[in-house]
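The values are calculated or read from the model by the stated rules, or taken from the named source; none is laboratory data. This is a predicted model, so every value here is computed, not measured. Don't worry about glycine lacking a Cβ; one is built from the backbone with ideal geometry, like all the others, and counts go over all protein chains shown.
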Amino acid sequence: MNEESKKTAGKRSALFVEDGMVLGLGTGSTVRYAIEAIAGRIRDEGLDVVALPTSKPTEELASSLNIKLSSLIEYSDIDLCIDGADEVDKELNLIKGGGGAHTREKIIASASKEFIVVVDESKMVDRIGGFPVAVEFLGFGKRLVANQLRRIGGDPICRKNFKTDNGNLIFDTKFYIDDPLSLEDRINSIPGVLENGIFSRRRPERVIVGRGERYRVIEK
Ligand code: 5RP
């Protein structure tokens, strides 16, 4: 059911792609379906788009499907970014970073005119925070960052055998979250932290929620 729901949401998002667009491509098993569907539209309809991937796995996937790739050096304005999420609340605050790509994902989403998130129904929650917040940090400051995260109510656990595409480490950090925007900013103000997986400053314009073969679209 979940896999079918992911596919439904991912495929539906590809219909928002228009000829000539600069796209941001997120990371994960749901957005994979979007990327495959976009590749299908490029092949069948001759769409001319260029895509900026948010991770090495996405870059490899898109390139294997013959999607034209570029980078933020060439394009700083992105028309549409499509990405997945680990949790979404009713105000469309997100937790991302289950795949450890949230830093690049947030940069790309922030540079995008439109941001669409694709999820299956299990990701919809009343309050974000059931899923730990991924905090990417420089290994140099590990102990200090952990202490500061505890000081603001977090319970940091270093992700085992994992380095981000940027060569850094991640603390998966459980928080009780009643003010996502303020927590996003507080975590990012800790010296040594690069970025965290709360997306409250840059929330999506639309979330496509798949449930089996059906879907619903939630708009900001
Ligand atoms: C990667 C992410 C992913 O978008 C998030 O983990 C959802 O992935 P999936 O669609 O595989 O459940 O934030 O950093």
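Of the residues making up the range 132-151, those that are within 24 Å of the chain's Cα centre (by Cα) and of a type outside the set (D, E, K, R) are Pro132, Val133, Ala134, Val135, Phe137, Leu138, Gly139, Val145, Ala146, Leu149.
Taking Lys6 as the residue in question, decide whether it is under 16 Å from the mean Cα position of the chain (by Cα) and either in the same structural domain as Ala62 (by TED's automatic domain parsing) or within 14 Å of the ligand (Cβ to nearest atom) (or both). Against the criterion (under 16 Å from the mean Cα position of the chain (by Cα) and either in the same structural domain as Ala62 (by TED's automatic domain parsing) or within 14 Å of the ligand (Cβ to nearest atom) (or both)), Lys6 qualifies. Among the strands (runs of 3 or more DSSP E) contained in the range 172-220, which hold 1 or more residues that are of a type outside the set (Val, Ile, Thr) and more than 16 Å from the ligand (Cβ to nearest atom)? The qualifying strands (runs of 3 or more DSSP E) are 214-219. The combined condition, being in a strand (DSSP E or B) and closer than 20 Å to Leu23 by Cα, is fulfilled by Lys113. Filtering the range 71-122 to residues that are under 18 Å from Gly210 (Cβ atoms) and over 12 Å from the mean Cα position of the chain (by Cα) leaves Asp89, Lys90, Leu92, Asp120, Glu121, Ser122. Applying a threshold of 8 Å to beta carbon distances and a minimum spacing of six or more residues, or different chains, the list of pairs starting in the range 93-121 at a residue that is within 16 Å of Lys163 (Cβ to Cβ) and ending at one that is of a type in the set (Lys, Arg) and crowded, with 23+ Cβ neighbours inside 10 Å reads His102/Lys96.
Of all residue pairs spaced 6 or more apart or on separate chains, those with beta-carbon atoms under 6 Å, a first member in the range 148-160 that is surrounded by 13 or more Cβ atoms within 10 Å (Cβ to Cβ) and a second member that is among the hydroxyl-bearing types (Ser, Thr, Tyr) are Leu149/Thr173; Gly154/Thr173; Pro156/Thr173.
All of Ile67, Ile78, Ile73 fail the test of being among the hydrophobic types (A, V, I, L, M, F, W, C), more than 27 Å from Lys123 (Cβ to Cβ) and away from the ligand (no atom under 16 Å from the Cβ), apart from Ile73. Restricting Gly28, Gly20, Gly10, Gly40 to those that are in contact (Cβ under 8 Å) with a residue 24 or more places away in the chain and closer than 15 Å to Ile108 by Cβ reduces the list to Gly28.
Quick grid of which residues meet (1) away from the ligand (no atom under 16 Å from the Cβ); (2) touching a helix residue (DSSP H, G or I) at 6+ places or on another chain (Cβ under 6 Å); (3) closer than 22 Å to Glu74 by Cα:
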site: Met21; (1), (2), (3): yes, no, yes
site: Thr30; (1), (2), (3): no, yes, no
site: Gly40; (1), (2), (3): yes, no, no
site: Asp44; (1), (2), (3): yes, no, no
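Step by step: first the residues of the range 122-146, then only those that are away from the ligand (no atom under 12 Å from the Cβ) and either farther than 17 Å from Leu194 by Cβ or touching a residue at least 60 places away in the same chain (Cβ under 8 Å) (or both), then the one that is surrounded by the fewest Cβ atoms within 10 Å (Cβ to Cβ). Which residue is that?
Looking only at the range 122-146, we keep the residues that are away from the ligand (no atom under 12 Å from the Cβ), and these are 124-130, 135, 137-146.
From the residues that got through so far, the ones that are either farther than 17 Å from Leu194 by Cβ or touching a residue at least 60 places away in the same chain (Cβ under 8 Å) (or both) too are 124-130, 135.
Values: Met124: 17, Val125: 16, Asp126: 7, Arg127: 13, Ile128: 24, Gly129: 19, Gly130: 12, Val135: 31.
Residue satisfying both the conditions and the ranking: Asp126.
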